[in-house]
Amino acid sequence: MRRKYRLLVMSITSLILILFGSFSFAWIVLINRTDSFIMTAANVQVDYHAYLDSIYIEPSQRLLYEGSAVVKSGVYHINVSDTNAEDYITNLRIDIRVNSTVDTYIRVAIVDSLILSTIDYEGNRGEVAIVDKPINYAIDRYFLVNDVYYEDLIDAEIALGGITSNDVVVPGTKWFNNSLEDGYYYYSELIERDMSSTQLTIPFIEAFDGDEFDTKSVGYHLQFSIIVEAIQAGNNAPVYNWGLLTPPWGGSWA
């Protein structure tokens with residue numbers, strides 16, 4: 001009986017040692033693996049810069065009313081009545097700056113309101129939003145003059161010594177206006193980027209090149225803000241994130 005018990009104990013002990021040895025070996029193998037890999041994460045990054053009379057501005061610089069504590073975060077105060085003012089709307093410029101490290105699509109929304117400044121009998125300042133026709137912003141565009149590409153009309157006039165009625169002028173833009181559908185302007189070209197790409201600046205609002213702005217009466221001003229969105233071009237990101245099966249300008253996503 002003792003012999004059988006001793007054999008049973010030895011068998012169990014041997015099995016435990018075998019299992020422990022197997023676990024120890026597996027543990028040693030796992031903690032001593034030398035496999036490694038390097039993964040680089042892509043970065044989608046855009047921002048914008050706003051200028052008035054070639055001077056960079058922050059939104060808060062144009063919001064304070066004298067004698068009032070009215071502050072609206074992220075809104076620019078744009079002059080629409082004094083053509084000689086530095087902050088007059090024709091001096092407004094908006095540049096989109098792209099720092100993505102992967103192919104990117106971008107879209108921009110303008111949120112604005114024409115405002116009439118008011119003052120009551122006690123001298124308190126206020127404002128009233130005015131319903132008016134949409135502002136004809138100078139969205140960046142190019143020109144084909146006699147089938148020759150020019151960045152703006154001034155370049156064409158210099159090159160041709162002036163533009164006459166005999167010249168064929170066709171304006172074009174890389175910004176697709178889809179604002180009546182979803183509120184956005186889409187940059188209609190794939191922005192090709194990689195890890196070594198430097199910052200790309202894309203004009204959005206430029207000079208009133210060939211158009212004019214209808215000046216408003218004294219007392220009116222424009223409250224203006226902007227929303228910029230960027231998305232990677234691959235992996236059906238525009239479909240999943242923007243809900244667009246195809247680009248608003250036609251064709252297919254890259």
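The values are calculated or read from the model by the stated rules, or taken from the named source; none is laboratory data. Keep in mind that this is a model prediction, so the values were computed, not measured. Glycine also receives a Cβ, built like all others from the backbone with ideal geometry; neighbour counts cover every protein chain displayed.
Look through TYR185, TYR149 and report the one residue that is crowded, with 17+ Cβ neighbours inside 10 Å and on the phi < 0 side of the Ramachandran plot. Steps first, please.
Numbers: TYR149 fails: crowded, with 17+ Cβ neighbours inside 10 Å.
Every option except TYR185 fails the conditions.
What do you reckon, is SER113 at pLDDT 90 or above, more than 30 Å from ALA233 (Cβ to Cβ) and not in a loop (DSSP other than H, G, I, E, B)?
yes
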Q: Consider only pairs whose beta carbons are under 6 Å apart and that are at least six residues apart or on different chains; among these, list those whose first residue lies in segment 120-137 and is in a loop (DSSP other than H, G, I, E, B) and whose second residue is of a type outside the set (Lys, Arg).
A: ASP132/LEU114; TYR137/ILE205
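Collect the residues in segment 47-72 that are part of a strand (DSSP E or B) and either β-branched (Val, Ile, Thr) or at pLDDT below 55 (or both), keeping them in residue-number order. Explain how you work it out, then say what you get.
Start the filter on segment 47-72 by keeping residues that are part of a strand (DSSP E or B), which leaves 47-52, 55-57.
Those that are part of a strand (DSSP E or B) and either β-branched (Val, Ile, Thr) or at pLDDT below 55 (or both): ILE55, ILE57.
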